[in-house]
Amino acid sequence: MTDTTITSLHGREILDSRGNPTVEVEIWLACGARARAAVPSGASTGVHEAHELRDGDQSRYRGKGVLHAVDLVNTEIATLLQGKDAAEQEEIDRGLIALDATPTRARLGANTILAVSMAVARGAAAASGLSLWRSLENPKGRAAMPVPMMNILNGGVHAAWQGADFQEYMIVPYGAPDFREALRYGSETYHALKALLAAKGYHTGVGDEGGFAPAVRSNQEPLDLIVEAIEAAGFRPGAEIGLALDPASSELYGDGEYRLKTEGRALSAGEMVDYYADLAAAYPLIVIEDGLAEDDWDGWRLLTETLGDRLELVGDDLFVTNVERISRGIREQAANAVLIKPNQVGTVTETIAAVDLAQANGWGAMVSHRSGETVDTFIADLCVALGTGHLKTGAPARGERVEKYNQLLRIEEEAHGCLPFAGREAFVR
Ligand SMILES: O=C(O)[C@@H](CO)OP(=O)(O)O
Ligand SMILES: [Mg+2]
C-alpha cells in the first residue's frame with residue numbers, strides 16, 4: 001500500500017495573471033509524492049462568495065492579506081494536517097472547515113483553504129499514479145470531455161468599462177466532433193475576430209480574460225461581430241458554434257434597475273428579460289449567465305419562466321457555488337444551471353457537492369475559471385471527472401487561460417477516445 005500520510009505542507013505567495021499576490025501550496029506525502037496548487041481570484045465577485053484573504057481587503061480582516069494566508073498554511077494548517085491521510089479528502093476538508101470555524105471562511109480565507117484542499121487532491125492522485133481527473137472521478141463513471149466556452153470579447157469590469165456593459169461574449173463550439181476540434185473552431189474564430197475588428201478600425205487590445213475589448217456602441221454589436229467572425233472562419237453559427245453571454249449584471253444593478261451605460265439607458269428586470277428574449281430570437285444564443293443580479297430572485301424566476309425552455313440560464317453571483325443558495329434556486333425554479341467556481345466556496349469536497357446537487361436535479365453545472373488566474377489547471381481535470389459537459393476558461397489566448405485548454409488536450413489524448421465529447425446535449429433546455 002502506498003503511504004499517503006501528509007508529511008509536510010508549505011505555502012508561498014505568487015502572482016496571478018493581473019499581477020496581484022495569490023496563494024500557492026505545496027504538499028509532500030510519506031510515499032515521496034509531491035504536489036502543488038495555486039488559487040485564482042475574481043474581479044466581479046458576488047457578495048455572497050466565501051471570504052478571501054486578499055491584499056487591499058476592506059473588511060475587518062483588513063491587513064490580513066496573502067502573506068497572512070501563507071503564514072496560516074505554514075503554521076496552524078500544517079499542524080492540523082501533518083500525519084493525516086491525503087486520500088481522505090472529505091475528512092481533510094471537514095477539518096479545514098472546522099479549523100476556520102466561521103460561516104464564510106473569513107478567518108482562514110477561502111483562498112487559503114482551497115489551495116490546501118486542491119494540493120491534497122493532487123497529492124493523493126500523484127501517490128496513486130493516476131491522473132488528477134481519474135483520481136477525482138472516483139469511479140462514478142460520468143467523465144466526459146467538455147465543450148469549451150471561450151470568452152473572445154470582454155466588456156464591463158474586465159475591460160475597464162471602455163466598451164460593452166456585458167462582461168463576457170463566449171463562443172461555444174458544440175458542433176465539433178471532439179474537444180481538439182472544438183478548440184480549433186474556437187481559436188480560428190478568435191483570429192478571424194481579431195482581423196475583423198482591425199478591418200473595422202477597432203483596437204484589438206484584450207481584457208482580463210484574453211478576449212478583445214473594443215469600444216463598441218451597444219451590447220448587441222459584439223454579437224454581430226462574432227457571428228461575422230464565425231462565418232469568416234468558415235463555420236456555421238448555430239449549427240457548429242453557438243453563443244453564450246455573461247452580462248455579470250450584478251455589476252450593472254442599482255436601485256432596482258440595470259444601467260446600460262454604453263446604450264445610455266436603464267432597464268427594469270422585466271425589460272432586461274425582454275431584451276434577452278429579443279437577443280435569443282436574433283442570434284444563436286444557448287447560454288445566459290448572470291442575466292440578472294445576485295439577489296433579484298423575482299427577476300430570475302421571470303427570466304426562467306420566459307427563456308428556461310430554450311436557454312441554459314446559469315447562476316454565478318446568484319448561487320456562488322453554495323448548496324444552500326442552489327437548493328433555494330431549485331425550489332423556486334429561479335434558473336436551470338449553476339456556475340461552479342471552487343474559490344467561491346473553499347474546498348474540493350464542497351465544490352463536488354454543488355455539482356452533485358445540480359446534476360441530481362437535472363440542472364447544468366458549468367465549471368469556471370476566475371478573471372485573475374494562475375497556470376494551475378485543476379478545473380480542467382475537475383470538469384472532466386464530474387462530466388459537467390462545459391468549461392468556461394477565457395479566450396484561447398493568454399497563458400493562464402490556454403493552459404487549461406491545453407490540459408484538456410492532454411486528457412483527451414490520454415483517454416484514447418474513451419471519453420465522450422459532451423457536445424450540444426450538455427446544455428440544459
Ligand atoms: O463573472 C465571472 O463569471 C468570472 C469569470 O469569468 O469573472 P470574475 O472572476 O471576475 O468574477
Ligand atoms: Mg459570471
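The values are calculated or read from the model by the stated rules, or taken from the named source; none is laboratory data. Since this is a predicted model, take the numbers as computed values, not measurements. Here the Cβ is made from the backbone with ideal geometry for all residues, glycine too, and neighbour counts use every protein chain on show. Protein only, heavy atoms only, side chains kept; ligands, DNA and RNA dropped before computing areas. Shrake-Rupley method; radii C 1.70, N 1.55, O 1.52, S 1.80 Å.
Within the range 283-298, residues that are under 17 Å from D255 (Cβ atoms) have Cβ atoms under 6 Å from residues that are surrounded by fewer than 24 Cβ atoms within 10 Å (Cβ to Cβ) and of a type in the set (S, T, N, Q) in these pairs: A293/S250; E294/S250, counting only partners at least 6 apart in sequence or on another chain.
Residue check: is V367 under 17 Å from the mean Cα position of the chain (by Cα) and within 16 Å of ligand 2 (Cβ to nearest atom)?
Spelling it out, V367 is indeed under 17 Å from the mean Cα position of the chain (by Cα) and within 16 Å of ligand 2 (Cβ to nearest atom).
Can you tell me which residues in the range 384-397 are open to solvent by less than 10 Å² (accessible area, probe 1.4 Å) and either within 14 Å of ligand 1 (Cβ to nearest atom) or more than 22 Å from R134 (Cα to Cα) (or both)? Scanning the range 384-397 gives H390, L391, K392, T393, G394, A395.
Taking residues in the range 304-319 that are within 16 Å of ligand 1 (Cβ to nearest atom), and partners anywhere that are polar (S, T, N, Q) and modelled with pLDDT of 95 or more, the pairs with Cβ atoms closer than 8 Å and at least 6 places apart or on different chains are E312/N336; L313/T304; L313/N336; D316/S368; D317/S250.
Would you say V157 is in a helix (DSSP H, G or I), open to solvent by less than 20 Å² (accessible area, probe 1.4 Å), on the phi < 0 side of the Ramachandran plot and touching a helix residue (DSSP H, G or I) at 6+ places or on another chain (Cβ under 8 Å)? For V157, the condition - in a helix (DSSP H, G or I), open to solvent by less than 20 Å² (accessible area, probe 1.4 Å), on the phi < 0 side of the Ramachandran plot and touching a helix residue (DSSP H, G or I) at 6+ places or on another chain (Cβ under 8 Å) - is not met.
To keep it simple, each residue is scored yes or no on (1) aliphatic (A, V, I, L, M); (2) free of Cβ contacts under 8 Å to residues at least 24 places away in the same chain; (3) assigned by the TED database to the domain that holds L260.
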| residue | (1), (2), (3) |
| --- | --- |
| I152 | yes, no, yes |
| A159 | yes, no, yes |
| D165 | no, no, yes |
| Y169 | no, no, yes |
| R184 | no, yes, yes |
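Of all the criteria given as (1) in contact with a Leu (Cβ under 8 Å, 6 or more places away or on another chain); (2) in contact (Cβ under 8 Å) with a residue 40 or more places away in the chain; (3) more than 13 Å from ligand 1 (Cβ to nearest atom); (4) open to solvent by 10 Å² or more (accessible area, probe 1.4 Å), the one not satisfied by T349 is (1).
Screening E324 with (1) more than 16 Å from ligand 1 (Cβ to nearest atom); (2) over 26 Å from T104 (Cβ atoms); (3) of a type in the set (D, E) gives one miss only, at (2).
Which one of T22, T4 is over 22 Å from R107 (Cβ atoms), hydroxyl-bearing (S, T, Y) and open to solvent by less than 40 Å² (accessible area, probe 1.4 Å)? Show your work before the answer.
Working: T22 fails: over 22 Å from R107 (Cβ atoms).
One residue alone meets the criteria, T4.
Out of everything in the range 60-83 that is modelled with pLDDT of 95 or more and among the charged types (D, E, K, R), what residue ends up being most open to solvent (accessible area, probe 1.4 Å)? Of everything passing the filter in the range 60-83, D71 is most open to solvent (accessible area, probe 1.4 Å). Test T204 against the stated conditions and say whether it is surrounded by fewer than 24 Cβ atoms within 10 Å (Cβ to Cβ), in contact with a helix residue (DSSP H, G or I) (Cβ under 8 Å, 6 or more places away or on another chain), farther than 19 Å from T351 by Cα and hydroxyl-bearing (S, T, Y). Criteria met by T204. Does R410 count as surrounded by fewer than 22 Cβ atoms within 10 Å (Cβ to Cβ), at pLDDT 95 or above and within 15 Å of ligand 1 (Cβ to nearest atom)? No: the conditions fail for R410.
Is at least one residue of the range 185-201 more than 17 Å from the chain's Cα centre (by Cα), modelled with pLDDT of 95 or more and not in a helix (DSSP H, G or I)? Can you show your working first?
Within the range 185-201, the subset more than 17 Å from the chain's Cα centre (by Cα) is 185-201.
So of that shortlist, the ones also modelled with pLDDT of 95 or more come out as 185-201.
From what is left, the residues that are not in a helix (DSSP H, G or I) are 200-201.
The answer is yes; a qualifying residue exists.
Annotation note: Cβ proximity below 9 Å between a residue of the range 22-35 that is within 23 Å of V66 (Cα to Cα) and a residue that is assigned to a loop (DSSP other than H, G, I, E, B) and among the β-branched types (V, I, T) (sequence gap 6+ or interchain) occurs for T22/V39; T22/T374; V23/V39; E24/V39; E24/T374; V25/V39. Scan the range 232-268 for residues that are within 16 Å of ligand 1 (Cβ to nearest atom), in contact with a helix residue (DSSP H, G or I) (Cβ under 8 Å, 6 or more places away or on another chain) and part of a strand (DSSP E or B) and jot them down. Residues satisfying the conditions are L243, L245, Y258. The single condition from (1) buried (at least 24 other Cβ atoms within 10 Å of the Cβ); (2) among the hydroxyl-bearing types (S, T, Y); (3) not in a helix (DSSP H, G or I) that S117 fails is (3).
In contact (Cβ under 8 Å) with a residue 40 or more places away in the chain, closer than 23 Å to I286 by Cα and crowded, with 24+ Cβ neighbours inside 10 Å: does that describe G175? No; evaluated as a whole, the condition is false for this residue. For the range 234-248, the criterion of being farther than 30 Å from A192 by Cα and at pLDDT 95 or above is met by none of the residues.
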